[in-house]
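Laboratory data are not the source of any read-out in this text; all were calculated from the coordinates shown. Everything quoted here is computed from the prediction, not taken from an experiment. Cβ placement follows ideal geometry from the backbone for every residue including glycine, while neighbour counts extend to all protein chains displayed.
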Amino acid sequence: MTVEAERHHALLRTWSDAPGIWGFLTTVDHKRIAARYVLTAVALLAIAGLLAVDMRLQLSQPNMGRMGPQGFNEAFALHGSTMLFLVSVPVMEAMAMWLVPLMLGARTVAYPRLAAFSYWLYLGGVLMLWIAHALDVTPDLGWFEYPPLSGPAYAPGHRVDVWAQMITFSEVAALAASVNIVATILKMRPPGMTLAKMPLFIWAMLVASLMTIFALPSVMLVTSMLIADRLVSTHFFTPTGGGDTLLFQHLFWFFGHPEVYIIFVPALGFVSAITETFSRRTVFGYIPMVLSMLAIAVLAFGLWVHHMFAVGLPKMGNSFYTAASMAIALPAGMQIFCWIATIWSGRPMFRTPLLWVIGFIVTFVIGGLSGVMTASAPLDLQLTDTYFVVAHLHYVLIGGAMFPLFGAFCYWYPKATGRLMSERWGVVSFVLIIVGFNVGFFPMHLLGLEGMPRRIYTYPAETGWGPLNLVATIGTFISTAGGVVFVANAFLSLKRGKVAGDDPWGGSTLEWATQSPPCAHNFNEVPVVRSLAPLWDRDGRQAMIGLSATCREVLVTSAVNAEPQYRHKSPAPSIWPFLAAVATSILFVASIFTPWALVWGALPVALTLIVWFWPNRPRANATDQQVTRS
C-alpha cells in the first residue's frame, strides 16, 4: 500500500461515523446532515403539493362542496407555512451545508455540532406542525396569522400558538445554519481563494446567510410577542390595551420580503454554477454579478411596505417603497443579462441542468414583470388580495427558486450518489413541470384582473371564473405528473443510473476534484487555488500538507486573502447536540401552554449545552503547527 493510500485510510478511520443508530444520532458529517435536510424538505414538498392539488380541485368548478371553509383554511395555512418556512429556506441552507465545504476544499463546516443541532431542531418544528395537524390543532389563519384575528379574542385554543412556535423552531435552526455557513466561508477557504476568487455560488450563499442573520430575529420577535399576547395577556397587538395591529405587519414583513430573496439569492448561485459549466466558460461579468447580489441584499430590507400598500399609510411613504420595489429589479435584470451573455458567448451543452436554467430565466422574467406592476402603489391597491398576487408569488418563488433548485439537484446528483440521472426522463419531467406550471398559474393573472379574491374556498357560477380555474387545475395536475417523474428518476437512478465518475460534467470548481460520492473527510489534502476556475487551471494543482490524519484537523485561513493561519481541531461526533435539540423542543412546545415552561425548561437546555461545550481541548501547541505547500 502506498503512502498516499495509507493516509487516505487513516483519514477515513478518523473522520468516519460510528455504525448503527449511535452513528445516526451523533454524526457531525455535514454531508449526512444536509442530506437529511434535503430528504425531509422533499417529503414536505410532496405533502404540501398534495394540499395544493386538493385546493385546486375545490376551486376547479363553481360551488364545489369537496371542502368547507374550515378545511380550506387549514389546507391553505398548512400549504403556505410548510412551503415557506419548512421547505424553501431549509432546503437552500441544506444545499449550502452540503456544497460549501466541498467547494472550499475543506473537510467539514466551521461548527459541525451546531450543524447537527440545527437539523434536529428543524425536525422538531416539522413534527410540531404536523403532529398538531394529526391531533386536529391545525393553524387556520394562513401563513401570516395577522392579528386581531390571531389574537386571544378571535382565535381560542392553540392553533395560532402552534403556528407561532413552529416559526421559532424553524428560524432558530435557520440562524444556526446561517452562522455556520458564514463562518465556514470567511475562515475556511483554501489558500489563494481570496474574496475576489470565490465562486459565485459561494458569494450567493454568503449573501443569503448574512440576510438570514439580519432578517430572522424580526419574525422570531413578532411571533413571540403574539404568543405573549395570547398566553400572559400583554397588549402588543391589542388596540384596546394600547397595542397596534399594524406593528405585527411591519415586523413580519421586515422579515417576509427579505425572505423571498433569502430563497432567491441561493438560486442565483445554482444558476451561475450550472451556466458556467455547461457554457464551458466562466460567467460573464463576475464583478457586476457579485455587486448585484450585494445590491439585492441591501435593497431587500428597504421595501417591506410593498406588502402593506392597502393599510392606509401616508402616500409619501408608499412612493418611497414603490421606488425601492422597482429598483430591486435592476440588479436582478443585470444578472439575467450576464447569464445570457455567458451562454451566448460560450459553447453551450443543452443538458437537463441547463434546460432548468433556461426555464428559470423565462419564468422569472414573467414573475419579475408582474412584480414591477404590483410595485406601483395605485395598481397594487386594486390587485391586493386577488389571484394576480397569487400568480406573481408563485412565478417568483417556484420559477425563481424551485426551478434552479431542480437544475441544481440534477447537476450535483452524480457528485452525491456517484450516478447520473436519466437524461431522457429528466427532459420529460422538465417539459411536464414547465408546461404544467405555466398552464396552472398564468390564468391566475387573468382571474385576478377579473376580480377573483384570494383565499376563498368557492365562488358562484355567475362570476365567470370557472373556465380559467379549470385550466389552472389541469395545469396543476400536469406539473404534479412532472414532479412524480422527477422523483422517480432520482430514486431509480440510485441503482440503475450510469456510473458518473468524479467529474462527469467537466466542472470548474473544487467539489468535482474529489471522489463521487465524497468520502467522510472530503479531501486528503487542502487544495491551493489560483483562479476563479481552479479545475480549468492549466498550470496544474497544488495542495497544502501538514494536517494530521489521526485527529480531526482543519485549516483556518484569513477572512479576506485566505492566508493560512493555524490548524484547528474539529469537534468529534457527539450525542449532546441531539439531546440539546430535544430539550429545546420540549421547552418550545411546553411554553405555548404555560409561561413556567420557560423557567423549568431552561434547566435541561442549560445542562445539555454545558456538557456539549465542556472544554476538552489538547494543548494549543499541538494543533497550532505550520502547514506547508507541496
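Axis of helix 159-187 versus longest Cα principal axis of the chain: the two differ by about 30°, to the nearest ten degrees. Distance distribution note for the stretch 82-233: the fraction of Cα pairs above 18 angstrom is 60%.
Computed from the Cα positions only, the extents of the chain along the three principal axes stand at 80, 61, 50 Å, in decreasing order. Ordered by the number of other Cβ atoms lying within 10 Å of each residue's own Cβ, fewest first, Glu6, Glu553, Glu259, Glu450 fall into the sequence Glu6, Glu450, Glu553, Glu259. Peptides 335-342, 203-210, ordered by how many other C-beta atoms sit within 10 Å of their residues on average, highest first, read 203-210, 335-342. Close amide-amide hydrogen proximity is noted between Gln565 and Val556, Thr557, Ser558, each under 5 Å apart and 5 or more residues distant or on a separate chain (H modeled in the peptide plane; Pro and chain starts excluded). Per-residue 3J(HN,Hα) values for the stretch 43-56, derived from phi via the Karplus relation 6.51 cos²θ - 1.76 cosθ + 1.60 with θ = phi - 60°, read 4, 5, 4, 5, 5, 5, x, 5, 4, 5, 4, 4, 5, 5 Hz in sequence order (x marks Gly and Pro).
Of the residues Ile478, Ile213, Ile287, Ile202, the one with the fewest other Cβ atoms within 10 Å heads the list, and the complete ranking is Ile287, Ile213, Ile478, Ile202. Taking every alpha-carbon pair under 8 Å whose residues sit at least 6 apart, the stretch 113-187 reaches a relative contact order of 49 percent. Considering helices alone, the calculated mean residue ellipticity of the chain at 222 nm is -21000 deg cm²/dmol, with DSSP H runs of length four and up weighted by -39500 (n - 2.57) and normalised per residue. Put a plus charge on the Cβ of each Lys and Arg, a minus charge on the Cβ of each Asp and Glu, and nothing anywhere else: the dipole of the stretch 244-494 about its Cα centre is then about 840 debye. Rounded to the nearest 10 degrees, the angle from helix 69-81 to the longest Cα principal axis of the chain is 30 degrees. A straight line joining the Cα centroids of the stretch 427-498 and the stretch 24-95 runs 16 Å. The long axis of helix 112-134 is offset from the longest Cα principal axis of the chain by roughly 30 degrees. The order of Tyr411, Tyr146, Tyr457, going from fewest to most other C-beta atoms within 10 Å of their C-beta, is Tyr146, Tyr457, Tyr411. Amide H to amide H distances under 5 Å link Arg419 with Ala500, where only residues 5 or more positions off or on other chains count and H is placed in the peptide plane. Return the inverse of the average 1/r over all pairs of distinct C-alpha atoms in the stretch 75-114, which is the Kirkwood hydrodynamic radius, in Å to one decimal. Averaging 1/r across every pair of different Cα atoms and inverting gives 11.7 Å.
The alpha carbon gyration tensor of the stretch 244-494 gives principal lengths a ≥ b ≥ c with a/c of 1.5 or higher and a/b no greater than b/c, which makes the shape oblate. According to the square roots a ≥ b ≥ c of the eigenvalues of the Cα gyration tensor, what is the shape class of the stretch 120-172, taking rounded for a/c under 1.5, prolate for a/b larger than b/c otherwise, and oblate for the remainder? Judged from the Cα gyration tensor, the stretch 120-172 comes out oblate (a/c at least 1.5, b/c at or above a/b).
Pairs with C-alpha atoms separated by more than 28 Å, drawn from the list Lys197/Lys495; Lys31/Lys569; Lys197/Lys415; Lys187/Lys415; Lys31/Lys498, are Lys197/Lys495. 3J(HN,Hα) along the stretch 270-276: 4, 4, 5, 5, 5, 4, 4 Hz, from the Karplus curve 6.51 cos²θ - 1.76 cosθ + 1.60 with θ = phi - 60°, whole Hz, x for Gly and Pro.
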